[in-house]
Amino acid sequence: MGVADQLNAFRQAIPACRVATFADLSSGLVLFASTDRRLPQERLDALCERAKGVLGKNLSNALHPVFGAPVGQVVLPAGDSLLVVVRSATEPDEALVCECAAGVDLQLFLSRAAEELAAIDAPG
Amino acid sequence: MTEDRRLRDKLAKLAAEAETVEDGRRRLSPGAAGLLAAMLAEIDETVLGRRITFETDGGRRLSVEVANRRLLRMSEAPDENAGPEGLLGPLGPDTDGVLPAVVAAMRRLGEGQDSLLVATVPLDAASKPDVLGRSVAALARATGIDLYSDTAPAEASGGFSASVSGLAVAVRRFAPSPSAPTGVQAGRLEALDEDGLRQILGQIGPKGARAGRFILLSGDAVSDALFVGCETEDATVAALVPATRSGEVIALWRATRDGG
């Protein structure tokens, strides 16, 4: 299964997830996107830019000693949505950047997102 | 490895996974929104400089040059309606008047077709025009195409950008020494009781968070916000909250024990 199919399956398995993107945080590029309706690229770019701002290298490096570990997850309330960013454990520049309904089971979502990233990064 | 090379490798690997190839070309099928939308999506999903040629089974072709998800120029063959050399572009910011012709050419190619063949080749540096090009959103706006059902970006909480920007400054300014704050740091220490922290964090998780140590203080740069944290069984969690402690959460960061 390719990344696009994996991302679609991930989003569709969690109804509260409206947008799931696989992004490169260092460049601010959305590499793949799965959405419940077609969105303008500028909207996806804006999500990625916001993710880069809160989990990019500058802030991550500053937060690392505070947490004593690399910060891998960020949640940002935005209106009736949550922007959820989960960084890959093996490829620090890669992340899932998702927009979810505010009522999403966050604990479950974070766990599934980490599994999804591991599957995407798995060789072969 | 350079950043550009790293990205090229990543995109090539990802693209190779996704494509169905016929003689070096892919078969582009219309989604629910039709072939025109599928062609525009090809542009929208092209980051590195590429010449994309759409071709009908009857041999009519249309090529677009794209970089950074923006259309740089287009050529039609055989040329009937495009410019003097069958070329439209380069497309700078003042080219709204040309965009309907661009979309019309794409629409003509797709008419009566069940699918198109797509060939993609890298743009050589010499052929890249010195313009930013036009986005698919601009093409859609200029031609009245309703590609998107939702164009309003979700807005972050007020003051979010300023607070997060200031946070990095504050983190650098105050070493994290929750157990032994000294001097100015001690004066700024904010200790929320366990219920207060749970109330703040409980809105957006994690469930069952327990207040532990507070790991950072507010500073001048984030005078309107506090950075509070706690440790759960498997992670360290910190939230940026308004100094008014109104129950809002501006942002929440989480670091798991396994580094994820």
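The values are calculated or read from the model by the stated rules, or taken from the named source; none is laboratory data. This structure is a prediction, so every number in the text was calculated from the model and none was measured. Cβ coordinates were reconstructed from backbone atoms using ideal geometry, including for glycine residues, and neighbour counts include every protein chain displayed. Only protein heavy atoms, including side chains, enter the accessible area calculation; ligands, DNA and RNA are left aside. Shrake-Rupley method; radii C 1.70, N 1.55, O 1.52, S 1.80 Å.
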From the convex hull of the Cα coordinates of the range A:3-121, what is the mean projected area in square nanometres? 6.8 nm²
Can you tally the net charge around A:Val71? Count Lys and Arg as +1, Asp and Glu as -1, for every other residue whose Cβ sits under 10 Å from the Cβ of A:Val71. +2
With a 1.4 Å probe on protein heavy atoms only, work out how much accessible surface B and A bury together, total over both chains, in Å² to the nearest 100. 4200 Å²
For A:77-88, mean number of other protein chain Cβ atoms within 10 Å: 4
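So how do A:84-97, B:38-51 stack up, highest first, on mean other-Cβ count within 10 Å?
Ranked by mean Cβ neighbours within 10 Å, highest first: A:84-97, B:38-51.
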